[in-house]
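The values are calculated or read from the model by the stated rules, or taken from the named source; none is laboratory data. Not measured: the values here are computed from a predicted model. We place every Cβ from the backbone using ideal geometry, glycine too, and count neighbours over all the protein chains shown. Note: areas computed on protein heavy atoms with side chains; ligands, DNA, RNA excluded. Shrake-Rupley method; radii C 1.70, N 1.55, O 1.52, S 1.80 Å.
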Amino acid sequence: MGTGKHRAVSPRRTKMGSMVVAGAVPVVLTLVGTGGANAEPDRYIPVNRSEHLTPVAGEAGPADPVDAGEAARADGDSTQWPTAEAPNVRPYHGVRIPDDILSSLQWARTAPKNEYLAPVESLHAPVPVAPVPPIAPPPGALRFGDVQVESPDWLPREQAVQLNDASATTEANLATFLDSVGMERTRSDRVAGQTLGAAALGAAAGATVAAPFAVIGAGVGGAMGLAIGMPFAPIGLAAAPLGAAYGFALMAAPLAGIGAGIGAGIGAAAALGAPPRAAGPAPEVFAPAGPDATVAGDPAGSAE
């Protein structure tokens, strides 16, 4: 998987990063110059942090940095400036998700088992129901419904987490809607997962078909962006990759969207038409004892 591996930065990425930094320097200098011109020099304004550092009942609040600094100077201590620390005014406490799980959904659940599948029956108009929790992905994997692929090395962890979170949330919302119309949970999980998985496969197939045209679009878009941004170099050079990305998406997105729609329809139809599976064997029902008694599973009865 992509996490935990050391990869050398490619020269192309280094060059692009240098171009971005070089283009950002004039902007930063302009903003700094504007801020310095509007600021009042040689004026010290103490910061009132009481509203951010209100002590909790029964606990001693943190010392004010201004008072602490004055006390330190009175004692002859050589305290270095600055001494203030930004408070964590809204700390986030949650479940510690393992590093190999590419998800941030604290309320996620494990993937349901497919040993039982309820039939489709007793559907009705949508009614309020409890939201269905999302499904957590396997370790080191990207999960799109019932389709799971290993996270590629070139994909950063944060982007992988975003993809998994968006996919799991979409799947959970679809399952919640299916629950609201009276579908049993095993069937709604099956339909939601298979619909999203087939949509992902259809989008990938559509993007593959559109790849040759997308490459041409990327070349045309990059050339147009470079021509437009060249007079404004170095900042304008950023228009070249933006134009290439726009040209690529302009050609690939329509076919990918069409493939996703077709795949979603096929996946939903297959999941709705899947035959139900019972949770276990039917309970045995025994008839009263007697000469004409029969046992369930032996229609002819037992003869001596």
*Under 18 Å from a point 7 Å along the Cα-to-Cβ line of residue 123: which residues of the range 152-189 have their amide N that close?*
173-189
_Shape of the range 91-138, Cα gyration tensor, a/c cut at 1.5_ = oblate
*Roughly how many Å² of residue 183 are accessible to a 1.4 Å probe, to the nearest 10?*
20
*On full extension of the chain, what length is gained from residue 80 through residue 113, given 0.36 nm per residue of separation minus the C-alpha to C-alpha distance?*
5.9 nm
*If you place +1 on the Cβ of every Lys and Arg, -1 on the Cβ of every Asp and Glu, and leave all else neutral, what size is the dipole of the range 126-246 about its Cα centre, to the nearest 20 Debye?*
160
*Name the residues whose placed amide hydrogens come within less than 5 Å of the amide hydrogen of residue 142, ignoring near sequence neighbours (fewer than 5 apart) on the same chain.*
149, 150, 151
*Give, in nm to one decimal, the length gained when the segment between residue 235 and residue 106 is fully stretched (0.36 nm per residue of separation minus the Cα-Cα distance).*
42.3 nm
*Using only Cα atoms, locate the centre of the range 120-160 and the centre of the range 260-274, then give the distance between them in Å, rounded to an integer.*
16
_Tell me whether the range 97-217 comes out rounded, prolate or oblate; compute the Cα gyration tensor, take square roots of the eigenvalues as a ≥ b ≥ c, and use a/c under 1.5 as the rounded threshold._
oblate
